[in-house]
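The values are calculated or read from the model by the stated rules, or taken from the named source; none is laboratory data. All figures in this text were calculated on a predicted structure; none of them were measured in a lab. Positions of Cβ are backbone-derived with ideal geometry, glycine not excepted, and every protein chain shown enters the neighbour counts.
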């Protein structure tokens with residue numbers, strides 16, 4: 001599974017640290033990259049690779065917010081609505097985005113393309129409103145710019161159908 | 001020398017991020033110089049320069065390095081790039097625009113303590129930044145500045161990146177070490193301290209420094225302690241990156257000599273913030289992100305020079321210099337509620353006063369913001385906050401109490417406005433259908 005497909009990357013990760021346990025977070029990112037979320041099977045596989053109990057790995061995925069324990073949309077949009085961004089209109093922007101997509105915070109669109117969540121500070125306070133799409137930053141946004149991005153992502157998704 | 005760029009060298013040399021450009025402009029010469037002298041001499045220079053930690057605490061960097069016992073064979077340098085404080089976005093700009101100077105500074109620190117490896121712990125959201133940094137590290141390895149037998153010295157030290165995964169608490173150094181070891185990011189009981197055997201990464205002596213701190217080091221080694229101390233003030237030498245955000249015309253990072261500018265210059269001068277949008281009046285300043293005491297923007301405050309010592313006189317802190325500006329329309333109770341939601345979410349849950357305190361502060365503030373507050377609520381949250389401060393393993397408990405205690409002290413009228421019939425209207429959050437608030441709370445997505 002992951003061990004075969006990503007053998008080279010996984011070896012490089014283990015080589016960084018004196019303990020196997022330190023590799024648990026980077027390996028979980030590989031699992032998430034592969035499946036879109038941390039599936040129960042991949043969680044067990046990461047646990048075996050790191051000589052950990054699956055419960056220990058489950059505690060990691062629960063503690064750290066960047067691991068998804070359930071399927072998300074193909075485009076996982078995280079809008080910073082923290083103080084510095086909110087002072088520059090991030091709350092309104094977040095609500096406009098939700099209205100545009102017709103979902104509530106934390107929900108995924110019916111076509112499985114977009115999940116929207118509000119998150120804490122993303123260290124881009126001078127470029128608010130901003131969002132992170134699958135961990136890539138998009139800054140200095142407004143409704144027009146985000147609509148253009150959504151159209152671009154929809155076109156991208158139509159060209160390459162969503163993976164099961 | 002007030003406008004000198006020690007850190008943001010891209011202002012003078014636009015492509016300084018490129019390895020060739022960095023080397024052509026004197027890059028890695030400081031590392032060569034450091035390797036030509038004894039490690040203890042490097043520590044002495046950084047001590048004499050009185051470089052202070054730029055992550056928030058302002059602790060003298062050279063002194064921190066001198067705590068490492070030289071008798072231990074395995075030692076680590078950890079670079080704290082977990083930048084997650086609301087209003088802080090300086091380390092990202094350094095990582096993006098001047099990465100080799102950080103790598104060089106980290107290697108000089110590693111030589112000074114004779115470290116066996118350097119780990120750069122980046123917040124998980126710096127995904128793209130970390131992958132770029134990996135490439136820059138490879139360039140430095142190819143140049144002989146990092147890795148086996150550095151510059152033929154016989155000393156080997158590799159630099160590795162490690163990504164967090166969304167947890168503010170991992171900026172706290174002992175929680176960061178836990179996270180790097182593949183555990184939950186929760187602060188450790190100290191002593192032993194990270195510098196001591198048993199207290200650091202994998203229980204080995206470890207120095208943990210902020211990105212900006214280490215990026216100062218090559219300049220200090222090249223130019224000497226006296227030249228560094230000629231910039232800034234006696235107690236706050238050097239330059240500082242000021243992260244300016246909130247209601248200013250030109251938010252952004254500005255490098256200036258410590259004590260070289262005041263709040264008024266930073267916020268209003270055209271070279272910096274350029275004033276308040278719409279010509280509104282300034283009301284309040286958070287000098288150190290969400291975690292520092294909020295202060296009213298009086299003339300006395302605005303004319304205060306930006307140094308560690310001068311901010312202390314205002315009963316606030318310079319911290320990481322993440323300056324968030326609020327104009328006259330902002331309700332400071334709303335600010336306290338917003339910041340409290342942050343700390344409630346980011347509390348790791350290990351210490352009861354912080355875990356329960358942030359939960360109840362948030363609950364009571366929600367009640368106040370919804371117009372259901374009771375006149376006794378102010379005393380109630382003041383009491384909760386004061387029972388958090390000083391009762392937790394790390395500073396998050398203290399930070400979370402600050403917005404409450406200092407809003408009550410400095411902006412009492414803002415609270416009173418909510419506890420009368422005609423409660424103030426929040427300026428930046430429009431009224432929404434209740435179902436949206438409920439869905440957001442249930443998602444726990446933040």
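Observations on the model:
- In segment B:216-228 there is no residue matching the filter, namely being within 14 Å of chain A (Cβ to nearest Cβ), in contact with a helix residue (DSSP H, G or I) (Cβ under 6 Å, 6 or more places away or on another chain) and crowded, with 17+ Cβ neighbours inside 10 Å.
- Unmet criterion (only one of (1) surrounded by fewer than 18 Cβ atoms within 10 Å (Cβ to Cβ); (2) modelled with pLDDT of 95 or more; (3) within 27 Å of residue B:195 (Cα to Cα)) for residue B:57: (2)
- Index of the failed condition, residue B:334 passing every other in (1) more than 19 Å from residue B:398 (Cα to Cα); (2) in contact with a strand residue (DSSP E or B) (Cβ under 8 Å, 6 or more places away or on another chain): (2)
- With respect to (1) in contact (Cβ under 8 Å) with a residue 40 or more places away in the chain; (2) in contact with a helix residue (DSSP H, G or I) (Cβ under 9 Å, 6 or more places away or on another chain); (3) part of a strand (DSSP E or B), the lone exception for residue A:76 is condition (2).
- The listed residue being part of a loop (DSSP other than H, G, I, E, B), more than 8 Å from every other protein chain (Cβ to nearest Cβ) and surrounded by fewer than 22 Cβ atoms within 10 Å (Cβ to Cβ), out of A:111, A:99: A:111
- The number of residues in segment A:127-148 that are free of Cβ contacts under 8 Å to residues at least 24 places away in the same chain and either away from chain B (no Cβ under 12 Å) or surrounded by 23 or more Cβ atoms within 10 Å (Cβ to Cβ) (or both) comes to 3.
- Flag if residue A:79 is over 30 Å from residue B:339 (Cα atoms), within 11 Å of chain B (Cβ to nearest Cβ) and within 19 Å of the chain's Cα centre (by Cα): no
- Criterion violated by residue B:399 - all others in (1) surrounded by fewer than 17 Cβ atoms within 10 Å (Cβ to Cβ); (2) modelled with pLDDT under 95; (3) not in a loop (DSSP other than H, G, I, E, B) satisfied: (1)
- Set B:171, B:246: member being touching a helix residue (DSSP H, G or I) at 6+ places or on another chain (Cβ under 7 Å) and within 14 Å of chain A (Cβ to nearest Cβ): B:246
- With respect to the stated conditions, residue B:238 fails to be touching a residue at least 24 places away in the same chain (Cβ under 8 Å), within 23 Å of residue B:83 (Cα to Cα) and within 13 Å of chain A (Cβ to nearest Cβ).
- The condition (being within 14 Å of chain A (Cβ to nearest Cβ) and surrounded by fewer than 24 Cβ atoms within 10 Å (Cβ to Cβ)) is satisfied by just one residue among B:176, B:201, B:184: B:184.
- Any hit, segment B:332-348, residues being assigned by TED's automatic domain parsing to the domain that holds residue B:384, touching a helix residue (DSSP H, G or I) at 6+ places or on another chain (Cβ under 6 Å), outside any helix (DSSP H, G or I) and buried (at least 18 other Cβ atoms within 10 Å of the Cβ): yes
- Residues in segment A:32-54 that are part of a helix (DSSP H, G or I), within 12 Å of chain B (Cβ to nearest Cβ) and buried (at least 16 other Cβ atoms within 10 Å of the Cβ): A:32, A:46, A:47, A:49.
- With respect to the conditions (1) closer than 18 Å to residue B:311 by Cβ; (2) in contact with a helix residue (DSSP H, G or I) (Cβ under 7 Å, 6 or more places away or on another chain), residue B:209 lacks only one, and its number is (1).
- Going through (1) over 20 Å from the mean Cα position of the chain (by Cα); (2) surrounded by fewer than 23 Cβ atoms within 10 Å (Cβ to Cβ) one by one, residue A:71 falls short only on (1).
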